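*Asks:* Below: one structure in structure tokens.
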Amino acid sequence: MKIAVASDHAGYDLKTALLGFLEERGIPHEDFGASPGETVDYVDQAETAIRAVLNGGCDRAILVCGTGIGMAMAANKFPGIRATVCWSAFTADMARRHNDSNCLTLGGRVLRPDEGLAVARIWLDTPFEGGRHRRRLDKLAALEARACGRRP
Ligand code: RB5
């Protein structure tokens, strides 16, 4: 599993910690910025990383901004992306088990680096449960198609 990683300036420190964590664990990843000292907009950063997922170069994404909210809003504009802001062990666990989250968003101004890494570890390690949750995600995909004016 290869992870696309990106942040804006507010998420830079947590993203840096995350890159070290992925490196240590031997998890393939690609860093789409921001670079040190660079001020960038979360919308642009999310688009770049999510396009890497949609074109098959990466399997999932972890995006970090100040709160995780802007990144989730931007990432969820893309069909097939289920971006979830997670801030605790419980939300990370549920985002994977019930929502099959394929994009974790974190708040660099919400979580200390050690807290953010603990959330990321759970999100990376937890499988999707399937079953009744599969049905709900199928409905979500159909809703997305209708909302975008596509045939479900
Ligand atoms: C940047 O100042 C901040 O607004 C951004 O990182 C994010 O928190 C938006 O959701």
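The values are calculated or read from the model by the stated rules, or taken from the named source; none is laboratory data. Every value quoted in this text rests on a predicted model; they were computed, and no experiment measured them. Note: ideal-geometry Cβ built from the backbone for every residue, glycine included; neighbour counts use all protein chains shown. The protein model used for the area step is the full one, side chains on, heavy atoms only, and it has no ligands, DNA or RNA in it. Shrake-Rupley method; radii C 1.70, N 1.55, O 1.52, S 1.80 Å.
*Asks:* Could you run the Karplus curve 6.51 cos²θ - 1.76 cosθ + 1.60 with θ = phi - 60° over region 76-89 and give me ³J(HN,Hα) per residue in whole Hz, x for Gly and Pro?
*Replies:* Karplus-based 3J(HN,Hα) across region 76-89 equals 6, 6, 8, x, x, 8, 10, 8, 10, 6, 10, 9, 7, 4 Hz.
*Asks:* Which value, in Å², gives the accessible area per residue of region 8-147 when a 1.4 Å probe is used on the protein heavy atoms?
*Replies:* Working: 6950 Å² over 140 residues.
Ligands and nucleic acids excluded, the result is 50 Å² per residue.
*Asks:* Normalised by the residues of region 10-152, what does the relative contact order come to in percent, with Cα pairs under 8 Å and at least six apart?
*Replies:* Details: 198 pairs, mean separation 33.6, N = 143.
Reported relative contact order: 23 percent.
*Asks:* Angle, helix 12-25 long axis vs. longest principal axis of the chain, Cα atoms, 0 to 90°, nearest 10?
*Replies:* Roughly 80 degrees between the two axes.
*Asks:* Another question, if that's okay. Using Cα pairs closer than 8 Å and at least 6 residues apart in sequence, work out the relative contact order for region 89-150, in percent. Kindly include the intermediate steps, with their values, before the conclusion.
*Replies:* Numbers: 35 pairs, mean separation 27.3, N = 62.
Rounded, it is 44 percent for region 89-150.
*Asks:* Would you mind checking the tilt of helix 42-54 against the longest principal axis of the Cα atoms of the chain, expressed as 0 to 90 degrees and rounded to 10?
*Replies:* In the chain, helix 42-54 runs at an angle near 60 degrees to the longest axis.
*Asks:* Please give the calculated 222 nm ellipticity per residue for the chain, where each DSSP H segment of at least 4 residues contributes -39500 (n - 2.57) and the sum is spread over every residue; nearest 500 deg cm²/dmol?
*Replies:* On the way: 6 runs with 72 residues, N = 152.
One gets -14500 deg cm²/dmol as the mean residue ellipticity at 222 nm.
*Asks:* Is region 1-114 best put as rounded, prolate or oblate by its Cα gyration tensor, with a ≥ b ≥ c the root eigenvalues, rounded for a/c under 1.5, and otherwise prolate when a/b is larger than b/c, oblate when not?
*Replies:* rounded
*Asks:* So for each of 11-18, 144-151 I average, over its residues, the number of other beta carbons within 10 Å; can you give me the resulting order with the highest mean first? Walk me through the numbers before you get to the answer.
*Replies:* Working: 11-18: 22.9, 144-151: 10.1.
Taking the mean over residues of other Cβ atoms within 10 Å, the ranking is 11-18, 144-151.
*Asks:* Where does each of His133, His98, His9 land when they are ordered by accessible area, with a 1.4 Å probe and the largest first?
*Replies:* On the way: His133 10, His98 55, His9 80 Å².
Result, largest first: His9, His98, His133.
*Asks:* What angle do you read, to the nearest 10 degrees and between 0 and 90, between the alpha-carbon axis of helix 113-125 and the longest principal axis of the chain?
*Replies:* 40 degrees
*Asks:* Still on this model: Report, to the nearest whole %, how much of the accessible area of the chain belongs to carbon and sulfur atoms, 1.4 Å probe, protein only.
*Replies:* Working: 4040 of 7700 Å².
C and S fraction of accessible area: 52 percent.
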